[in-house]
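Input: a single structure, listed below in structure tokens.
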């Protein structure tokens, strides 16, 4: 039995020394240590030994098992290191070779113009305010002097979530939210996405972006509003920009006006973008209605203010000579790559 064990050890040692890969090592392990392996077979035959021989043979068999297991581990580690070395030699990287240029994206044109407007506004002393797109009816209508029976609601084409919750039709609710929580002087702009049930065409969309502006202080007049808007528009379009103010009506401002800019496609001659008028409406504005100030706890006898709302898409169309608003939402890479 001892001779047989010694031969197993010697044979295993020679095979392990000659093994060149992990598959061969696994075969050696199975051959000697597996359930049907040679060493296992010897151990199963120990029952035929005398009581005096059994401990000696058992100790020798365990010693040989331990030896084979250690040699297997050592050889496995050696082969693994060699395989790693060979792989690294094949995978050498030439750091002097030029790399592959990765395509990079850019800011959406709406984001670019919005950032520009924010920079202009902050430079003029405005703060940036943000609010919810899903708005309470109170803030979107009632607090802006548009009660439930007001005819202006018929023209809003509002998306209602419930009787008292809407998708905001304008960023004007931020006027109320700011005035409720801040005392004059107030000077803010509130950019954001708004929703109206408009038919889609070159200048209209049911989802678009608006930038609300609000100034409240002592002695604010229509002249301050006009000067502020002219500064805004000329900063965006250049000092030679042509604009006009038209009387209008908004329930939350009095007096009210709309501001147009000469069509950036036809230069005022008339085309499909301006619908033959030569002008494109870009914002509504006016002096904050005294009822709105009073609703927010501000004394209209002491303070006055003005508000305005830019249509971001139309501003951007004029900035980049884009003739169709729908391009902003189609995400055509050929269009976006131009920016």
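The values are calculated or read from the model by the stated rules, or taken from the named source; none is laboratory data. Remember, predicted model here, so these are calculated numbers, not experimental data. Neighbour counts run over all protein chains shown; Cβ positions are idealised from the backbone, glycine included.
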Within segment 214-237, the residues that are farther than 22 Å from residue 191 by Cα and surrounded by fewer than 18 Cβ atoms within 10 Å (Cβ to Cβ) are 218, 219, 221, 222, 223
Could you tell me whether residue 168 is surrounded by 13 or more Cβ atoms within 10 Å (Cβ to Cβ), in the same structural domain as residue 251 (by TED's automatic domain parsing) and modelled with pLDDT of 95 or more? no
For segment 62-110: of the residues being in contact with a helix residue (DSSP H, G or I) (Cβ under 8 Å, 6 or more places away or on another chain) and within 21 Å of residue 6 (Cβ to Cβ), which is surrounded by the most Cβ atoms within 10 Å (Cβ to Cβ)? 68
Please work out which residue is modelled with the lowest pLDDT, limiting yourself to segment 130-151 and to residues that are more than 16 Å from residue 175 (Cα to Cα) and outside any helix (DSSP H, G or I). 150
Given the conditions (1) over 18 Å from residue 304 (Cα atoms); (2) at pLDDT 95 or above, report the number of the one that residue 220 does not fulfil. (1)
For residue 261, state whether it is modelled with pLDDT under 90, within 13 Å of residue 310 (Cβ to Cβ) and in contact with a strand residue (DSSP E or B) (Cβ under 6 Å, 6 or more places away or on another chain). yes
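So, in segment 293-339, exactly how many residues are assigned to a loop (DSSP other than H, G, I, E, B) and under 30 Å from residue 219 (Cβ atoms)?
Within segment 293-339, residues that are assigned to a loop (DSSP other than H, G, I, E, B) and under 30 Å from residue 219 (Cβ atoms) number 8.
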Determine, yes or no, whether residue 143 is touching a residue at least 60 places away in the same chain (Cβ under 8 Å), closer than 28 Å to residue 317 by Cβ and surrounded by 14 or more Cβ atoms within 10 Å (Cβ to Cβ). no
For segment 224-236, indicate whether the set of residues that are in the same structural domain as residue 161 (by TED's automatic domain parsing), part of a loop (DSSP other than H, G, I, E, B) and in contact (Cβ under 8 Å) with a residue 24 or more places away in the chain is non-empty. no
Against the conditions (1) exposed (fewer than 14 other Cβ atoms within 10 Å of the Cβ); (2) modelled with pLDDT under 95, where does residue 159 fall short? Just the number, please. (1)
Determine which member of the set 116, 149 is assigned by TED's automatic domain parsing to the domain that holds residue 173 and surrounded by fewer than 12 Cβ atoms within 10 Å (Cβ to Cβ). 149
